[in-house]
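Student: Please find one structure pasted underneath; my questions will follow.
Rule-based calculations on the coordinates, nothing more; no lab input. The shown structure was predicted, so the numbers you read here are calculated from the model rather than taken from an experiment. Here the Cβ positions follow ideal geometry from the backbone for every residue, glycine too, while neighbour counts run over all protein chains shown.
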Amino acid sequence: MTTWKIGGPAEYIYWPPDRQTLIEAVKLAESAGIPVWIIGRGSNLLIADAGLPGLTIVTTDLQKLTWGDYKVTVEAGYSLARLAQETAERGWSGLDFARGIPGTIGGAIIMNAGAYGGEISQKLIKVKVLMERELQELPRRDLKFTYRESCLRGKGLILEAEFWFEPGDRKQLLAGMASNLAKRKAAQPLELPNAGSVFRNPPQESAGRLLEAAGWKGKGRGGAFVSEKHANFIVNTGQATAGDVLGLIQDIQEDILRKYGLDLQPEVEYLKWRG
């Protein structure tokens, strides 16, 4: 269920067919004292080898989308890359930077996903969320977006989002996206299971450049290795465990702190039962 293809089993797993069923499932589980975990396409997740107790809910069947006048309302399980492609096909500018990002709308908003100088928060109008068992509608300004972060992380379940766009040149948008996809394919280890960039970029610095300068390309632990293509990617060569990846992340953090005095922060979310 993750793009790393590692992690332990879910005790129970459920794909709600619509928003109302999702809300009911969350409320029922919480009322019964059952832990609830929400995931999308698993593209930015490291899940512990012990797995997740309780109920894991996968949002990928929440696919409703409504087009407006240079606006779109879309449910949380919709593919961000697909929405980027579809809006560009219409000649709408705003999400073309996101064509190669493999996550869902919900996960992308929570972590303020971005690439090539763009961030999803830039075109967001508002979200509908389930927070503290209540449905709430929050405008963009209330989400406190920063680099790869929002105030919703660990606090709210995104159900739906509304975005706005600007008129653009369809051919230029599609050509730009094709160029970015080609760059990704050339520079990133897309042929092996990975979770994208592992570390956030420090201020005025590139995490990938730091790791390469520190000699981390090709180094590993167990079945997990720092990619030879891009030093900010950790790949699963086939036999990696979540423990391998977590240990490698920690080794890198300690090394970069010792060499450069920088405290690298992971971009990936680590799910582990703490009860």
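Student: Just the Cα atoms of the stretch 40-190: what Rg and Dmax do they give in Å?
Tutor: In Å, with Rg to one decimal and Dmax whole: 15.6, 49.
Student: Starting from the Kirkwood Rh over alpha-carbon pairs, what translational D in µm² s⁻¹ does the chain have by Stokes-Einstein at 20 °C and 1.002 mPa s?
Tutor: 110
Student: Nothing charged except the Cβ atoms of Lys and Arg (+1) and of Asp and Glu (-1): what's the magnitude of the dipole of the chain about its Cα centre? Round to the nearest 20 debye.
Tutor: 480
Student: Lysine pairs in the stretch 169-275 8 or more apart or on different chains: how many have alpha carbons under 14 angstrom apart? Mind showing how you got there, number by number?
Tutor: On the way: 183/229; 185/229; 217/229; 219/229.
Taking the Cα cut-off of 14 Å, the pair count is 4.
Student: In whole Å, what is the distance between the alpha-carbon centres of the stretch 99-119 and the stretch 198-275?
Tutor: 20
Student: For the stretch 110-255, go through all pairs of different Cα atoms, get the mean of 1/r, take its inverse, and jot down that Kirkwood value in Å.
Tutor: After inverting the mean inverse Cα-Cα distance, the result is 17.7 Å.
Student: How much length is gained if the chain between residue 186 and residue 134 is pulled fully straight, taking 0.36 nm per residue apart and subtracting their Cα-Cα distance, in nm to one decimal?
Tutor: Numbers: separation 52, 0.36 × 52 = 18.72 nm, distance 4.50 nm.
Stretched fully, the residue 186-residue 134 segment lengthens by 14.2 nm.
Student: Among 200, 209, 41, determine the one that fluctuates most according to a GNM of the chain built with springs between C-alpha atoms less than 10 Å apart.
Tutor: 209
Student: Still on this structure, I have one more. For the chain, what relative contact order do you get, as a whole percent, if you take Cα pairs closer than 8 Å and at least 6 residues apart?
Tutor: After rounding, I find 19 percent.
Student: Moving to a separate point now. Provide the gained length on full extension for the span residue 25 to residue 142, in nm with one decimal, where the gain is 0.36 nm per separating residue minus the Cα-Cα distance. Walk me through the intermediate numbers first.
Tutor: On the way: separation 117, 0.36 × 117 = 42.12 nm, distance 2.65 nm.
Length gained between residue 25 and residue 142: 39.5 nm.
Student: Just need the relative contact order of the stretch 10-58 here, percent rounded to a whole number, with Cα pairs under 8 Å and 6+ apart.
Tutor: On the way: 57 pairs, mean separation 29.9, N = 49.
The normalised contact order for the stretch 10-58 reaches 61 percent.
Student: Using only the alpha carbons of the stretch 10-58, determine the length spanned along each of the three principal axes and report them from longest to shortest in whole angstroms.
Tutor: 29, 22, 13
Student: Percent relative contact order of the stretch 207-271, based on C-alpha pairs within less than 8 angstrom and at least six residues apart?
Tutor: Averaging sequence separation for qualifying contacts and normalising by length gives 26 percent for the stretch 207-271.
Student: Please compute the Kirkwood hydrodynamic radius of the stretch 25-111 from all pairs of different C-alpha atoms, in Å with one decimal. Before the final figure, lay out the partial values.
Tutor: Numbers: mean 1/r = 0.0690 Å⁻¹.
For the stretch 25-111, the Kirkwood estimate is 14.5 Å.
Student: Can you find, among 53, 36, 21, the residue sitting farthest towards the positive end of the charge dipole of the stretch 10-58, where Lys and Arg contribute +1 and Asp and Glu -1 at Cβ?
Tutor: Of the candidates, 21 comes out farthest on the positive side.
Student: DSSP beta bridges in the chain, what fraction antiparallel, as a percent rounded to 5?
Tutor: Just about 75 percent of them are antiparallel.
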